[in-house]
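Following: one structure in structure tokens, then a few remarks.
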Amino acid sequence: MNQLAKDYLNLGNEFVTFVKSKSDAELSKPGPENEWSAAFAIHHLADFEIHFASRFLRIITEENPEIQSYDESLYVDKTNYATRNVRTSIETIDATRKQLGEILSNLNDTDFDRPTKHAEKGQIKLSDLIGYCNNHIKNHLDQVKSSL
């Protein structure tokens with residue numbers, strides 16, 4: 001199995017295990033000044049895991065697809081982070097990581113070099129995007145830990 005795929009699975013498991021061990025009250029506690037609560041970070045991560053999954057699938061199945069960037073600041077209000085169920089978002093992260101982890105684990109090494117055109121970053125490879133995704137969940141795990 002490719003190391004990026006292993007990291008993708010392991011980081012997802014680490015994040016999900018950590019947040020599942022916390023109570024809803026802990027996760028909903030307001031974050032530090034000008035920072036999201038753990039629950040908001042989890043909702044954000046759930047939304048963007050779906051985006052990453054869609055991008056991965058397009059790169060795997062299409063020839064050099066163009067992928068768009070997203071304005072994450074719109075999601076807090078437009079998708080109602082304040083009223084969403086944090087356990088549903090945790091399950092979304094877990095299920096998405098498991099599904100995509102299985103797909104990534106079955107790719108051959110050359111598949112990780114498949115190209116895509118990112119609206120902001122220009123020409124990148126699947127491996128680059130997986131690396132961004134892995135860094136994304138690492139950063140949010142740190143954010144969640146610091147907010148508790």
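All of the numbers you see were taken from the coordinates with simple rules; none came from a lab. All values derive from a computational prediction rather than experimental measurement. Neighbour counts run over all protein chains shown; Cβ positions are idealised from the backbone, glycine included.
Miscellaneous remarks
- Going by neighbour counts of Cβ atoms within 10 Å, the residues ILE124, ILE130 line up, fewest first, as ILE124, ILE130.
- LYS78, LYS121 arranged by Cβ crowding within 10 Å, fewest neighbours leading: LYS78, LYS121
- Of PHE18, THR92, THR79, farthest towards positive along the dipole that unit charges on Lys, Arg, Asp, Glu beta carbons give the range 3-147: PHE18
- Whole-angstrom gap from the range 70-127 to the range 130-148, using each part's C-alpha centre: 13 Å
- When all alpha carbon pairs of the chain are counted in 10 Å bins from zero, the resulting P(r) reads 11, 41, 33, 14, 1 %.
- Dipole magnitude of the range 3-147 about its Cα centre (Cβ charges: Lys, Arg +1; Asp, Glu -1), debye to nearest 20: 260 debye
- Exposure proxy order (Cβ contacts within 10 Å, fewest to most) of SER127, SER89, SER23: SER23, SER127, SER89
- 23 Å Cα-Cα threshold exceeded, pairs from LYS121/LYS145; LYS29/LYS145; LYS22/LYS98; LYS20/LYS145; LYS29/LYS98: LYS121/LYS145; LYS29/LYS98
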